[in-house]
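Structure, as structure tokens:
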Amino acid sequence: MGELLEVRDLVKHFPVTRGVAFRRTVGRVRAVDGVSFSLRAGETLGVVGESGCGKSTLAQVLMRLEPPTSGTALFEGEPVFSLRGAALRRWRRDMQIVLQDPYTSLNPRMTVGDIVGEPFEIHPEVAPRGSRAGRVRELLDVVGLNPEHINRYPHQFSGGQRQRIGIARALALRPKVIVCDEPVSALDVSIQAQVMNLLAELQGEFGLAYVFIAHDLSVVRHLSDRVAVMYLGKIVEIGTEEEIYEHPTHPYTQALLSAVPVADPTLRGRRDVIRLTGDVPSPLTPPTGCRFRTRCWKAQDVCATDEPALLTRIGTHPSACHFAEERHII
């Protein structure tokens, strides 16, 4: 199966300015610093990491909400960042986003019908004006909402229902890829499961591909075919769901997995818990060499001088560690 989306060496740096009118650049925040991955049709790529690692910035750059500093992204072979005019409009139909906060991502002055139907105003070729109300009702029904509530406002819905509205809006143009930027992090645990199940059902029904961003590894595992682990703007390990969760080779991935709560009380005492020391370094001045070395129990002199490439050193999948080794976390 060919690649639907291919990202190579994507970089996004934000300038830090000072002085009169903030015109003097004194540094750069390296939010995304050389990220590469691919996405196939119908596949889900999970992107996980701590807050501040660059996950949401990656989503914004992929959607062209922020311009990249450098790097390329190809969608069905077309360069995303150089698209203009009609070609850009066609691409925006194929790639949509579901945002993190269902309370701020919906316009409170618009009815649900207007919110879900707004994409048809921008892309009128998708649905003739006379059929739009019917299409909106169909979309509400697809995401599990009552079509009769088409004239209600966002404040009349719960958080989970609002996120379903956001998903319906993303589905309106029948995209091929949906970027999900922490779509369940603001919801209660029981509602999270409902939204995750809905996303899985929609993927099977419409053949969607997801870039699913989250900080909760257990959430990502439920939906992902492959998982990319980010730390300070870089992918440090990437592989299939089984490779990452059953055979992690990067120390950071192993530490994240050891922090996931275990439901079975009989396993808690036998669990290999890894406690990281120190804080996450600033993306303004990341460590030299390996960015994880300041918190890593394996760090040696080479880690401070040589940045490890994302390579397969052991096992079947790549990780960016000079001393990668498999470690099973119960």
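We did not get these values from a lab; they are worked out from the coordinates using the rules stated. All values reported here derive from a predicted model rather than from experimental measurement. Methodologically, a virtual Cβ is constructed for each residue, glycine included, from the backbone with ideal geometry; neighbour enumeration extends over all protein chains shown.
Side notes on the structure shown:
- Unpaired cysteine residues in the chain (no second Cys Cβ under 4.7 Å): 53, 180, 296, 321.
- Rounded to the nearest 500, the 222 nm mean residue ellipticity of the chain from helices alone is -8500 deg cm²/dmol, with -39,500 (n - 2.57) taken per DSSP H run of at least 4 residues.
- Label-point gap, in nm, between residue 88 and residue 158 - each point 7 angstrom along Cα→Cβ: 4.1 nm
- Spread over its residues, the convex hull of the C-alpha atoms of the stretch 88-142 is 103 Å³ per residue.
- When the alpha-carbon atoms of the stretch 250-330 are used, the pair Rg, Dmax equals 14.2, 43 angstrom.
- Residue separation of residue 129 and residue 260 scaled by 0.36 nm, minus their Cα-Cα distance, works out to 42.3 nm of gained length.
- Reachable lysines from residue 12, criterion Cα separation under 24 angstrom, eight or more residues apart if same chain: 55, 234
- Segment residue 307..residue 122, full-extension length gain: 62.1 nm, with 0.36 nm per residue of separation and the alpha-carbon distance subtracted.
- Farthest toward the positive end of the dipole of the stretch 3-224, out of 99, 32, 224, is the Cα of 32, where the dipole comes from beta carbon charges about the Cα centre.
- Inter-label distance for residue 24 and residue 40, nm, one decimal - labels placed 7 Å from Cα along Cα-to-Cβ: 5.4 nm
- Inter-probe distance in nm under a simple model that places probes 7 Å from Cα toward Cβ, at residue 328 and residue 189: 2.7 nm
- Length added when fully stretched, residue 274-residue 101, from 0.36 nm per residue minus Cα-Cα: 59.2 nm
- Derived scalar couplings ³J(HN,Hα) [the stretch 205-210; Karplus, 6.51 cos²θ - 1.76 cosθ + 1.60; whole Hz; x for Gly, Pro]: 6, 10, x, 6, 10, 10
- P(r) tail, the chain: Cα-Cα pairs separated by more than 33 Å, 32% of all pairs.
- Angle in degrees between helix 112-122 and the longest Cα principal axis of the chain, rounded to the nearest 10: 90 degrees
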